[in-house]
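The values are calculated or read from the model by the stated rules, or taken from the named source; none is laboratory data. Just so we're clear, the structure is a prediction, and the values are computed from it rather than from any experiment. Cβ placement follows ideal geometry from the backbone for every residue including glycine, while neighbour counts extend to all protein chains displayed.
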Amino acid sequence: MKCYRILSATGQDRPGIVFDVSQFLLDHSCNMADSRMAVLGGQFSLMLLFSGLTEEVDSLAADLEAFEAKCGLRALLLEASDPKEAKQVPSLPVRLEVVAMDEPGIMFQIAKVLERFQVNVEILDAHLSPAPTSGTTVSSVKMKLAVPQSVSLPAVKEALMELAGKINLDILFQPVHE
């Protein structure tokens, strides 16, 4: 029977980690379905959904400790569902981009608005970088959101724009045509 798992792993960044992870999956006849990988503060971090027959996934799980030792990664394996069978709330995909002078609490304030409207954050990508002319630290956030059909899209946008005015954010909020 086919089953799904999430492999989460972190470790000191180096060339070859993606090779090692993909080889580990292949050695156990498992297939990567979806993934996110990034280098954060010199540490390589990955989260990936994979599938395989139950006995193959069980074999992979049994070899996880050896994989960690060989690759210098700390890994965690979690049960997951077939993405096609996951319960989904009818929603509209929306892109949210935010740029602001960095200061603590920006993400919290944005998340507070999204939580109030029960908007789900499906993907979040955030970076700090120096502004080209002033060198001031700028926070840049890109998100893919799922706004429930029962929620007024203009109401969410208005609440975000109100926040933008209060804490000096530049916001782009627009539906995504998938």
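Quick grid of which residues meet (1) closer than 23 Å to Val39 by Cα; (2) surrounded by 10 or more Cβ atoms within 10 Å (Cβ to Cβ):
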position: Ser91; (1), (2): no, yes
position: Pro104; (1), (2): yes, no
position: Met107; (1), (2): yes, yes
position: Lys112; (1), (2): no, yes
position: Gln118; (1), (2): no, yes
position: Ile123; (1), (2): yes, yes
position: Ser134; (1), (2): no, no
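What's the total number of residues in the stretch 69-100 that are basic (Lys, Arg) and within 17 Å of Ile171 (Cβ to Cβ)?
Number satisfying all stated conditions: 1.
If a residue has to be farther than 16 Å from Glu97 by Cα and charged (D, E, K, R) to count, how many in the stretch 141-168 make the cut?
Here the count works out to 1.
So which strands (runs of 3 or more DSSP E) are wholly in the stretch 1-75 and hold at least 2 residues that are surrounded by 11 or more Cβ atoms within 10 Å (Cβ to Cβ), touching a strand residue (DSSP E or B) at 6+ places or on another chain (Cβ under 7 Å) and without any contact (Cβ under 8 Å) to a residue 60 or more places away in the chain?
In the stretch 1-75, 31-40, 43-53 are the strands (runs of 3 or more DSSP E) which contain 2 or more residues that are surrounded by 11 or more Cβ atoms within 10 Å (Cβ to Cβ), touching a strand residue (DSSP E or B) at 6+ places or on another chain (Cβ under 7 Å) and without any contact (Cβ under 8 Å) to a residue 60 or more places away in the chain.
Do we find a residue being over 24 Å from Thr10 (Cβ atoms), outside the structural domain of Phe19 (by TED's automatic domain parsing) and in a helix (DSSP H, G or I) anywhere in the stretch 90-106?
yes
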